[in-house]
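Everything below concerns the one structure shown next.
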Amino acid sequence: MNALFRKSVFRRFVPAVCAVALLATSLQAQKPLAVVSMKPSDQLLKDVDYLLQATGTAPMAAFVMPVVREYLQHVDGDRPIGMALTIDETGSEFTPMAFVPVTDSDAFVAQIELMMGPAGDAGDDVREFQMPDQSVFLKEQDGWLFVSQTAEALENTPENPAELLQGLDEAYDLAIQANLSNLPQFYKQMAMAQIQAGVEQGLTDQDNADSIEAVKMQMEQMQQLMDDVDVITIGWAIDPAKKETHMDFSMTAVAGSDMAKQMEPMASVSTKYSGFLVPGAAISGNLSSVIPEDQIDQFVASLDSAEQSALTEIENDDQLQGDAARDAAKKLVEMFVDIGRNTAKTGKMDAAMSL
C-alpha cells in the first residue's frame, strides 16, 4: 500500500468508520452492529495482574490494582461488562448503551457521585448525571446497571444483556465486534464518500500513472469490503495457564458474496514453515494465505507502486549520506519487493518467524 493511499485513508476513512461504528446497532430485531465485551472483572483482574507480573511491572501492579479493585468492589465479578450501540427501525436515531453487573447499585452509584456530584431523579427509577455537553442516565434492573445518553433508551432494556456479547466474554479479556452487514447502506455510502474525498485530494498532486491506478484498485477493494463483510471481530486474550497473551482478528464475509467465494480456498491453507514456530519463543507468528488468481495482478501492481514510492523517499531522504548509502537502501527495497512480487505470482503467501 503506497504512502499516498495510507495518508488518505487515515485522514478520511478512519474518523468516518469510527463514527459509524460507534453509532449504529440494533438490540431488538437483529444482531448488534457493534458490541464491546469485557471478561468478568474477577478473572480480568487476575489476568491483568499476571500480565503485569510477567512483564516485570510488579511495582505498578502493587500501586494500581488495589485502586482498581476498590472501584470495582460493588461490581459482580462473575458476570461480564459490555456495551452495545443501537439504531432505531428507521435507521436514523442511534443510541449507545453500556451494562455493568452490580451487587449493590446504590453503593456503586455513590462511588460515581463522589467524582461527578449528586445524581438527579429522572423518574421511573432512572438517575441522571448532568455533564457539560451530555447528560448520562442510569437504571438498575435485575442486578444490571444500564447506562445510556437518554432516559428513553432505558425503557426497554434486555433481560440478560450478556447474551448480546455472543460468547466474546468467554473467549477474550477485551473484544470488539462489528456486524457490518446490519449497517444501513446510507452510512456505508457516507464512509466511502469520505474515503473518496481524501483520495481525490491526494491524487491532485500525483502524476505517476501506476500509483494512480494502484490507488483506484485499492478503492475498489475498499468498496468490496464495505459491501461484502459480514462480521469483524478483534479480541485480546490473556492466558496465565499457558503463560501467553494474543490478539485475534477475524473477518467473515456475507454468504454468497464475491468475497465469500474468494475466501473459500483459504479454508484448506496450510504452512510449510511450522518448524519456525519455536516452543517457548517470546514472540512467534505465521502467515499463510491464498491470493485469488483474479487478484494477483492487483497485488503485484500494489507492490510496484509501493516500491516506486519507497525508492522516491530514499532518493529524497537527507539522512542518507552519499550515493553508496542510497544505492544500498534501494537494493534492499528492490530485493524484498521482488521476493514479494514473485511470491504473489505463485498464488500463495507463506511465512513464519520466532523471536
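Here, each number is a calculation from the coordinates, and none is a lab measurement. Just so it is clear, the structure is predicted and the values come from calculations on it, not from any experiment. So basically every Cβ, Gly included, is an ideal-geometry build from the backbone, and we count neighbours across all protein chains shown.
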ILE291 long-range amide H proximity, modeled H, under 5 Å
LYS348, MET349
Given Cα positions, please report Rg to Rh for the chain, the hydrodynamic radius being the Kirkwood one.
1.03
Expected-Rg normalisation [2.2 N^0.38 Å, Cα atoms] applied to segment 121-251
1.54
Shape of segment 247-297, Cα gyration tensor, a/c cut at 1.5
prolate
Scattering profile of segment 144-202 at q = 0.14, 0.17, 0.28 Å⁻¹ [log10 I(q)/I(0), Debye over alpha-carbon scatterers]
-0.71, -0.87, -1.09
Within the under-14-Å Cβ sphere about GLY120, not counting GLY120, Lys/Arg +1 and Asp/Glu -1 give a net charge of -3
Please list, in order along segment 169-181, the HN-Hα scalar couplings obtained from phi with the Karplus expression 6.51 cos²θ - 1.76 cosθ + 1.60 (θ = phi - 60°), rounded to whole Hz, x for Gly and Pro.
5, 7, 8, 9, 6, 9, 8, 10, 10, 10, 9, 5, 5
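Taking a 30 Å limit on the Cα-Cα distance, which of the listed pairs LYS188/LYS261; LYS242/LYS272; LYS272/LYS331 fall beyond it?
Values: LYS188/LYS261 22 Å; LYS242/LYS272 25 Å; LYS272/LYS331 28 Å.
Those over the limit do not exist; all pairs fall within it.
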Report relative contact order for segment 145-292 in percent, whole number only (criteria: Cα-Cα under 8 Å, sequence separation at least 6).
21 percent
Would you list which aspartates and glutamates come within 16 Å of LYS39, measuring only between C-alpha atoms, while excluding same-chain residues fewer than 8 positions from it?
ASP47, ASP49, ASP76, ASP78, GLU163, ASP169, GLU170, ASP173, ASP239, ASP248
Take peptides 70-76, 137-143, 314-320, 82-88 and line them up by average Cβ neighbours within 10 Å, highest first, as a rough protection proxy.
82-88, 137-143, 70-76, 314-320
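Based on the alpha-carbon gyration tensor of segment 188-339 and its eigenvalue square roots a ≥ b ≥ c, which shape applies: rounded if a/c is under 1.5, prolate if not and a/b is larger than b/c, or oblate? List each step's numbers first, then the result.
Details: a/c = 1.88, a/b = 1.16, b/c = 1.62.
Cα axes put segment 188-339 in the oblate bin.
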Computed ³J(HN,Hα) along segment 133-138: with the Karplus parameters 6.51/-1.76/1.60, θ = phi - 60°, integer Hz and x for glycine or proline, the list is 10, 7, 6, 10, 10, 10
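Is the shape of segment 252-339 best called rounded, prolate or oblate, per the rule: a/c under 1.5 gives rounded, else a/b larger than b/c gives prolate, else oblate, with a ≥ b ≥ c the square roots of the Cα gyration tensor eigenvalues?
Numbers: a/c = 3.24, a/b = 1.58, b/c = 2.05.
It is oblate, given that a/c is not under 1.5 and a/b is not larger than b/c.
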Applying the span-like rule to the chain (DSSP H, Cα extent along axis at least 30 Å, Kyte-Doolittle mean at least -1.0) gives 322-345
Please list the non-local residues whose amide H lies under 5 Å from the amide H of GLN141, H modeled 1.01 Å from N, same-chain partners needing a gap of 5 or more.
PHE146
Mean separation of Cα contacts under 8 Å (6+ apart) over length of the chain, as relative contact order %:
18 percent
